[in-house]
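So the structure is just underneath, and the comments pick up after that.
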Amino acid sequence: MTQGSAIKLQALLDTAVDGIITIDEAGLIQSFNKAAERIFGYRADEVIGRNVNLLMPQPYQRDHDAYIANYLHSGQKKIIGIGREVQGLRKDGRIFPLDLAVGEARIGEQRLFTGIVRDISDRKRLEQEAHRRLQELAHVSRLNTASGLAAGLAHEVNQPLTAIISHAQACLRLLQRGELDPELFSESLQQIARQGERASGVIRRLRDFVKKGESQLAPDFLNATVRDVVWLMAHELKGHGVTLELALQDDLPRVMVDRIQIEQVLFNLIRNAMDAVAEVGAERKRIVIATRHDAATHTVNLDVRDYGPGIAEAALPRLFEPFFSTKREGLGQGLSICRTIVQAHRGELSADNAAPGARFTVTLPAPPA
Amino acid sequence: MTAMSALSPSSRTVAPCIAVVDDDDAVRAALNMLIHSFGWRSRSYASARDYLEAGEPGNCLLLDLNMPGMNGAELLEYLRQRPSPVPTLILTGERDTPLLPRALQAGARGYLLKPFQDEVLKTRIEALLADA
């Protein structure tokens, strides 16, 4: 390359938005464009001729020479030709995330490697921020749910307690009068024991529910989550005279979900379905929850279907927009939060009319078998 | 049954019958036992429909609110159309349910929160029987 064309080339490289760094077979930096200077905080003349590993934190810094040697020896590509997210080390010592794509070129006898780097700190920060907001939303939404559930759970414990106390009081009363029939006494004691178990079962389930407080992605059987949420809402459903039927497909593959967030989606969808059937006759106060595996699309689908009046055609396209609500007192947050949560799971939430009623479908990717 | 007949000598010989409507099996069994310990008879029903179909209103009624099918408030609204509605006490676990004011509006004599003290229940039933 003539000196003139080398200058032209450097000028071209310097206009690039991404950092462009070339190294030789020994890992020594041959060129370092302006964007690379901005990204790493070094001037080109500070790094040219030095080992590129000074731009990497440990353990990459220590192992990089071995990577190159291994590639030159075996021809096995680990990063060449492929992009990957790695960590970079700035001159000021700060470690930051970057996208790196590496290409290989031969110029005569010489083999050069070109690295194109892009600082993704901002993108990462935005992603983290979005994730944090989602957590907050799910948390607020969950608190809302929890206050609604408290009444139902109090009822679940109250029923067995009422039975226990009444049996005990009745036995005492009869005992004091010398009228306690041994058979009745034994029956009451059995009931007391059984109802004590029942109350402790409610508390055990509640404790399991609260224990899952830490939010994280984990493989989960969707049907179990559906059953838990339905159990928690049973009292509320009964109070509104709504029957809920489950049509859950057995042996669904597991899906990677943040269970707390998916529970939140279910709570919201079931609450919406309850609202939808509030004004219809008793025979249509019905909700059906169905799950199924779609092997063709590698997805697990969940439908929440109500038998209410359905969704007005004009409202359908706007249903998931924040602050859009068809309810008199609706804040228009529920479905918007649901869709955000489902999309964060790389899934989709959609709605259509099922005549009669409306159907909301959550589609989640299933890992390949 | 008129107000007089509850106090008449003929009804004193047979213990009054307390009807219980509650969808929870355990609560029904416990109330039967408690009413037995008070010295009265009881008949219990798992739903409002069962109670209506049986056609035996009892001398008074202990009624749960939150039940599948016809709830407690709806049962009372239905019963109030009859010439002499049975005196009814609501037994509920929740003070905040909207069904409670509805039931009181429909003629319930009062309510007791579950779980309750046996003596309180006894006194309230005695009051209902005196009204019957």
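Quick note: the coordinates plus some simple rules give every number you see, no bench work behind them. In this text the structure is predicted, and so the values were computed from the model without any measurement. Here the Cβ is made from the backbone with ideal geometry for all residues, glycine too, and neighbour counts use every protein chain on show.
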Fill in the blank from the handout: Subtracting the Cα-Cα distance of A:K91 and A:A154 from 0.36 nm times their residue separation yields 16.7 nm
Practice task
Can you pull the one-decimal nm distance between simple spin-label points at B:D50 and A:H73, each 7 Å off the Cα toward Cβ?
Solution key: 8.1 nm
Exercise for the section: Just subtract the alpha-carbon distance of A:E46 and A:L206 from 0.36 nm times their residue separation and send over the number in nm, one decimal. Expected result: 51.4 nm
Handout entry: Along each principal axis, Cα extent of the protein assembly as shown, largest first, Å
Key = 127, 54, 39
Exercise for the section: Express the C-alpha Rg of region A:29-98 as a ratio against the empirical globular expectation 2.2 N^0.38 Å, rounded to two decimals. Expected result: 1.15
Fill in the blank from the handout: Computed over chain A, the relative contact order (Cα-Cα under 8 Å, seq sep at least six) in percent reads 10 percent
Handout entry: Rg/Rh ratio calculated on Cα atoms of region A:3-119 (Kirkwood radius)
Key = 0.94
Practice task
Normalising by the residue count of region B:77-132, find the relative contact order in percent from Cα pairs under 8 Å and 6+ residues apart.
Solution key: 42 percent
Practice task
Return A:H235, A:H298, A:H73 ranked ascending by Cβ neighbour count within 10 Å, so the fewest neighbours appear first.
Solution key: A:H73, A:H298, A:H235
Completion exercise
Here the gain from full extension of B:L104 to B:V120, 0.36 nm per residue of separation minus their alpha-carbon distance, amounts to 3.9 nm
Fill in the blank from the handout: Across 5 Å bins beginning at 0, the whole-percent shares of Cα-Cα pair distances in region A:215-369 come to 2, 9, 19, 23, 21, 15, 8, 2, 0, 0
Completion exercise
Lys and Arg at +1, Asp and Glu at -1: neighbours of B:L76 with Cβ under 13 Å from its Cβ sum to +1
Problem - Per-residue Cβ neighbour rank within 10 angstrom, fewest leading, A:V226, B:V27 - result: A:V226, B:V27
Completion exercise
Final fewest-first order of A:F221, A:F32 on the 10 Å Cβ neighbour count is A:F221, A:F32
Practice task
Calculate, axis by axis, the spread of Cα positions in chain B along the three principal axes, and write the results as whole Å, longest axis first.
Solution key: 41, 31, 24
Practice task
Calculate the all-directions average of the projected area of region B:24-87's alpha-carbon convex hull, and give it in nm².
Solution key: 4.3 nm²
